[in-house]
Amino acid sequence: MLQALFQSWDICNRPVLVRADLNVPICNNTITSDFKLKAFEPTLQALIKQEAFIIIATHMSTEANSGALLSTQLLIPWFIRNGYPVSYVPDLPSARPDSNKRIILLENLRSFPGEQEGSVEFARALAQLSSYYINDAFGVLHRSDASVVAAPALFDVNRRSRGLLVDKELRILTPIKVAPKHPYLCMVGGGKPATKLPLIFDFLSLVDTMVILPGLSNTYGAALQQPIGNSSIDTQLKAACLKTVYNAQHTLILPIDYQVASKAISGTTRMSDVSDVRRDDIIVSIGPKTIALLQAPITHAHTIVLNGLPGFAAFEHTQLATKALLTSVTQSTAYTILCGSDSIASAEKYHFLSQFTYVSTGGGATLAYLAGKTLPGLQYI
Ligand code: 3PG
């Protein structure tokens, strides 16, 4: 059962541990979209108003940052610029806020052994920092990380709560999960194939049309023995792709042509039918025939969920189809949901963000929730 929110707590000058999802896209040590930071502000401002001592704990994903385990120190300038006097702390013993340091930001949770393993020992160490726990990290509720599941379990039931962002995401996404308006179209691409592929299978029975975009479609192509050149795939997921394809009947659309780059993503590109991808090619986006193919399902849909845009954000010459797809989706009369940090960053860059009906901070978490999965992180909040 959901508990009341934290606003009724008497927490003046008491430390509160807040699990946030500040896993923002970062390029050359610079934040490329602060959407998630802004989405966290209502909870932060409420706690400041309650005069609490605030301990912010977040992960920054290696997958979203080319394998690098980034430090949360990169977020400090954003907080300062926006009027929040936040101090960075590198470890748990230093995470002791006081009247001189009212808001502290702990180092990237994933740099601590035990976080991603869901370790009870690490959860205990986190729980010792405070008697109060708030989870405002909607984007990570589909994971069983220590700070998401084992930690809240250790707090008194009246001293743990959802944050305002989690509350808002659930309020908006639940009606779509329970009774989406049909025709229902879901388009999924981008990275994190291990998270997304099993969810695509679940979506098949819920949607009218399921579209797989690059880079996820690369693994489908490989599983179907199509040429994919040097494009990156997850070989362990080929069987899961085939299972999806065989169960999909008429629901699934895979790209019929690609924009491919020769030898490197920065290289010269050309449009290629799926069967004509060459050995040295790298699939960078979808081609015009696929864009045309998607037009009818987009136009007829009443609900559209889009996660993982085609193209590589850092390479402008791969963004043609990205913009075309964003244009089609935002021109449709459907209820449109855009989700996932990288998709949000691209839509923001090309000024499409405000044209979506709803923008969700979650990527995998939003897909998992809409696919009807139980989110482990919701268990205690
Ligand atoms: C996201 O960006 O989807 C969330 O921050 C979760 O990140 P993760 O997939 O690395 O857990």
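The values are calculated or read from the model by the stated rules, or taken from the named source; none is laboratory data. Because the structure is predicted, anything quoted here is derived from the model rather than measured. Neighbour counts are summed over all protein chains in view; Cβ atoms, including those assigned to glycine, are modelled from backbone coordinates with ideal geometry.
Among the conditions (1) under 17 Å from the mean Cα position of the chain (by Cα); (2) on the phi > 0 side of the Ramachandran plot, the only one that residue 194 does not satisfy is (2).
Conditions (1) more than 16 Å from the ligand (Cβ to nearest atom); (2) polar (S, T, N, Q); (3) crowded, with 24+ Cβ neighbours inside 10 Å, marked per residue:
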position	(1), (2), (3)
126	yes, no, yes
129	yes, no, no
149	no, no, no
154	yes, no, no
157	yes, no, no
174	yes, yes, no
177	yes, no, no
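For segment 370-381, the condition of being outside the structural domain of residue 190 (by TED's automatic domain parsing), surrounded by 21 or more Cβ atoms within 10 Å (Cβ to Cβ), within 30 Å of residue 162 (Cα to Cα) and away from the ligand (no atom under 16 Å from the Cβ) holds for at least one residue.
Within segment 215-230, is there a residue that is in the same structural domain as residue 339 (by TED's automatic domain parsing), under 21 Å from the mean Cα position of the chain (by Cα) and surrounded by fewer than 17 Cβ atoms within 10 Å (Cβ to Cβ)? No, that holds for no residue.
In segment 234-241, is there at least one residue being within 20 Å of residue 363 (Cα to Cα) and of a type in the set (Lys, Arg)? Looking for residues that are within 20 Å of residue 363 (Cα to Cα) and of a type in the set (Lys, Arg), one finds none in segment 234-241, hence no.
When the residues of segment 44-67 are filtered to those that are within 16 Å of the ligand (Cβ to nearest atom) and within 24 Å of residue 127 (Cβ to Cβ), which remaining residue is farthest from the chain's Cα centre (by Cα)?
Just the residues of segment 44-67 that are within 16 Å of the ligand (Cβ to nearest atom), to begin with: 56-67.
Among the residues that remain, those that are also within 24 Å of residue 127 (Cβ to Cβ) are: 56-61.
Details: 56: 19, 57: 17, 58: 14, 59: 12, 60: 11, 61: 10 Å.
Checked segment 44-67; the qualifying residue farthest from the chain's Cα centre (by Cα) is 56.
Among the conditions (1) crowded, with 20+ Cβ neighbours inside 10 Å; (2) modelled with pLDDT under 95; (3) of a type in the set (Phe, Trp, Tyr), the only one that residue 246 does not satisfy is (1).
Listed by first and then second residue, the pairs linking a residue in segment 135-157 that is over 16 Å from residue 365 (Cα atoms) to a residue that is among the polar types (S, T, N, Q), with Cβ atoms under 6 Å apart and 6 or more places separating them unless they lie on different chains, are 146/119. Hey, can you tell me all the residues within segment 41-60 that are surrounded by fewer than 24 Cβ atoms within 10 Å (Cβ to Cβ) and among the polar types (S, T, N, Q)? Selection gives 45, 50. Within segment 330-346, the set of residues being within 16 Å of the ligand (Cβ to nearest atom) and either touching a Phe, Trp or Tyr at 6+ places or on another chain (Cβ under 6 Å) or among the charged types (D, E, K, R) (or both) comprises 337, 338, 342, 344. Among residues of segment 252-269 being assigned to a loop (DSSP other than H, G, I, E, B) and hydrophobic (A, V, I, L, M, F, W, C), the one that is nearest to residue 203 (Cα to Cα) is 254. Just one of the listed residues (114, 163, 118) is touching a residue at least 60 places away in the same chain (Cβ under 8 Å) and either touching a strand residue (DSSP E or B) at 6+ places or on another chain (Cβ under 9 Å) or closer than 27 Å to residue 26 by Cα (or both), namely 163.
Would you pick out the residues in segment 63-90 that are exposed (fewer than 15 other Cβ atoms within 10 Å of the Cβ) and at pLDDT below 95? Passing the criteria: 63, 66, 67, 68, 69.
Annotation: of all residues in segment 75-124 being of a type in the set (Ser, Thr, Tyr) and outside any loop (DSSP other than H, G, I, E, B), the one that is nearest to residue 144 (Cα to Cα) is 111. Here residue 207 meets the list (1) at pLDDT 95 or above; (2) surrounded by fewer than 20 Cβ atoms within 10 Å (Cβ to Cβ); (3) not assigned by TED's automatic domain parsing to the domain that holds residue 129 almost entirely, failing just condition (2).
Looking only at residues that are within 16 Å of the ligand (Cβ to nearest atom) and of a type outside the set (A, V, I, L, M, F, W, C) in segment 132-147, which one is surrounded by the fewest Cβ atoms within 10 Å (Cβ to Cβ)?
Here is the first cut: in segment 132-147, the residues within 16 Å of the ligand (Cβ to nearest atom) are 135-147.
Cutting the leftovers down to of a type outside the set (A, V, I, L, M, F, W, C) gives us 135-136, 139, 142-145, 147.
Numbers: 135: 28, 136: 30, 139: 30, 142: 24, 143: 22, 144: 16, 145: 25, 147: 31.
Here the answer is 144.
Can you pull out the residues in segment 105-143 that are hydroxyl-bearing (Ser, Thr, Tyr) and within 24 Å of residue 35 (Cα to Cα)? Of everything in segment 105-143, those that are hydroxyl-bearing (Ser, Thr, Tyr) and within 24 Å of residue 35 (Cα to Cα) turn out to be 111, 133. Taken over segment 91-112, residues that are under 25 Å from the mean Cα position of the chain (by Cα) and surrounded by fewer than 19 Cβ atoms within 10 Å (Cβ to Cβ) amount to 2.
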